[in-house]
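Notes to accompany the following structure.
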Amino acid sequence: MSGCLGLLRYPLEGWVSKGQTPDAKRVSALTGALQNTAAHDPPLFDTSKMAQLFREGTEMGLCNSLLGLHSSAHHVYATDGSLEGGHMGAGVYIVRSGKVLRCRVGRSRESRTSLRVETGASYLALEHGRDIAAPIFILTDSANHLQEREDWVGPGKYPTLHSSKDGDIVRGVLELLHHRVTLGFPTFFVKVRAHRGEPYNEAADRIASTATRDGDVPLLWNAPSGRIIYQFAPDESNSEDDLYSASMNDTVKKFIKNQAAMSILYSSPTQGHTESFLRRPHSSRYLLGACLADSSFPDGAKKRLIQSASLQFPCRALLHQWGKEDSPNCPYCNERESLGHIQSRCKILEKPRISAHHMIWREILLQLFSLSGDEGDEHKWVVPSAVSVDSHKELTVRQIIQHFGFFASDAALEDKILAFFTQRAILALSNVRHLQDPTDPTSLALDAESHADFLARLRFSTHTLTDNQVRRLSDQELQSSVSAFLDIRPDGFALHQKSKRVAILEFTRAMDSSADWETKKDAEKLARYAPVLDFFNSLPENQGWTLLQFNFTVGVRGSISNVDRTEPLSFLSNA
């Protein structure tokens, strides 16, 4: 049977019981019906018994006993609109007289919408029934049209036509309704379902369709609105006759977003700060696009995101550059108030900055926790720091070491740290012997760079550097340094029982304007915890445990590197 239907535009198959042979005439009749290109069946308005039964079974026929809308005794207007061939038409079928009303609806270049033509059809019906001193019933298949009218119905509602794209027609509809209400003439809008065989609705549909093709039909509401008109070919293969033309709407917005997503950014001989930032590879720029495209993402947050990415955030440094502030400096810190200062250094914003830091870090911890094992699982990493979205645990170096029970008392631990400090001082001094003054070994000839490097080497040791003079710390200073060492508090830690590894987890929100921002921040974090790792890993008492460090760094302007610059995270595997 499938072969009999092979001439159809789309392949169809008909299935019959095994051993049955379909009747050739019926197959031919079915094929002919499917190949019929007639747009519509004629509405059943005749007085035959079949037409009468059909009308009684339609939506209007079923409520005929209540309203009697199939009776010519009432003033019933069936309305519909049509969008065909780039034109708009409105049609009305007057049930009582069998007459028709139709027009072409203007502004087709601005926007061709079903709401506009349906509104135009309602206007034609209301204009015809303007002074009929009896109830009139307007049938429409447009729920949107009825919803828009609802905005003006009822006390306490004062909408404006300025925001309505079809305000030129809506104004006339409201004036006609107001006229009938003033005279005490009822008007009823009745919703019917489209294309369900309702004769009156089908008749209005055909009338509207002919209006789009008849150049002699009057053209109404064609005065330009003044809105910008966008014109484009939805498909590059389309000819100019198929260009889409409309003022700003969802279709235009979608087309613009698609074009922006597929286009190559404009390239100039020199790149500005924003362009170079957006072109930076391996920085998860797709996440910025996803946030901006997400309709649920708050508009205020999108605004701040764009301002941050383009370095247009209204900080004092920028406002001073624009002549809007007398000074570029922060009034609390007396340093240049840039975006980086606000996000990373401003003293007055320390609490909200810590709050933002903790909020993001807890999300990361919970993700790590979901990939890790339960406490006591020796085959997976365990993340004791993760607690909930609202809290997490931060342990000091002292508490992390005490967790393993390497030392019987705090005094034994502090003695071990003092010995470690002594070794660090000996190593640091051995690297600058060539810079010592022969007459005074405590005096060093250091330039600015070597001074900063040597001072960093003396950190957490028994000595310090003052005005290029090396001196030993006093007992009080040494005790304070030991306490500071033990009070270092990483953002989190994790354990892997089987391999005897413990990892310091450190999270940072850093200014990401420069291309090497993450490398610099990683270097700072590694330098900060290097003495801790050296001490732990050099302990004879560490029972074979090894201390590692994993850094998690994000940029305040939206950068997240997708290139792992550290040892691959073992949290993602069972190793």
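Overview of results
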| quantity | calculated |
| --- | --- |
| Residue match in segment 152-160 (condition: in the same structural domain as residue 76 (by TED's automatic domain parsing), hydroxyl-bearing (Ser, Thr, Tyr), surrounded by fewer than 14 Cβ atoms within 10 Å (Cβ to Cβ) and under 32 Å from the mean Cα position of the chain (by Cα)) | yes |
| Within segment 401-430, tally of residues that are among the hydroxyl-bearing types (Ser, Thr, Tyr), free of Cβ contacts under 8 Å to residues at least 40 places away in the same chain and part of a helix (DSSP H, G or I) | 1 |
| Some residue of segment 265-273 being of a type in the set (Val, Ile, Thr) and modelled with pLDDT under 85 | yes |
| Filter result (part of a helix (DSSP H, G or I) and among the polar types (S, T, N, Q)) within segment 142-188 | 144, 147, 163, 182 |
| Some residue of segment 381-397 being in a helix (DSSP H, G or I) and either of a type outside the set (Asp, Glu) or modelled with pLDDT of 80 or more (or both) | yes |
| Flag if residue 76 is more than 30 Å from residue 221 (Cβ to Cβ), at pLDDT 80 or above and of a type in the set (A, V, I, L, M) | no |
| Hits in segment 277-292 (condition: out of contact with any helix residue (DSSP H, G or I) (no Cβ under 9 Å at 6 or more places or on another chain) and either without any contact (Cβ under 8 Å) to a residue 24 or more places away in the chain or on the phi > 0 side of the Ramachandran plot (or both)) | 281, 282, 284, 286, 290 |
| Test set (1) over 15 Å from residue 493 (Cα atoms); (2) surrounded by 13 or more Cβ atoms within 10 Å (Cβ to Cβ) - residue 323 fails condition number | (2) |
| Residues within segment 469-500 that are surrounded by 16 or more Cβ atoms within 10 Å (Cβ to Cβ) and either in contact (Cβ under 8 Å) with a residue 24 or more places away in the chain or closer than 30 Å to residue 364 by Cα (or both), tallied | 15 |
| Residue within segment 527-542 that is in contact with a Phe, Trp or Tyr (Cβ under 6 Å, 6 or more places away or on another chain) and either β-branched (Val, Ile, Thr) or not assigned by TED's automatic domain parsing to the domain that holds residue 426 (or both) present | no |
| Criterion (at pLDDT below 65 and either over 30 Å from residue 97 (Cβ atoms) or not in a loop (DSSP other than H, G, I, E, B) (or both)) met by exactly one of 53, 30, 7, 12 | 7 |
| Criterion (charged (D, E, K, R) and under 18 Å from residue 206 (Cα atoms)) met by exactly one of 102, 107 | 102 |
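The values are calculated or read from the model by the stated rules, or taken from the named source; none is laboratory data. Worth saying up front: this structure is predicted, and the values here are computed from it rather than measured. Glycine also receives a Cβ, built like all others from the backbone with ideal geometry; neighbour counts cover every protein chain displayed.
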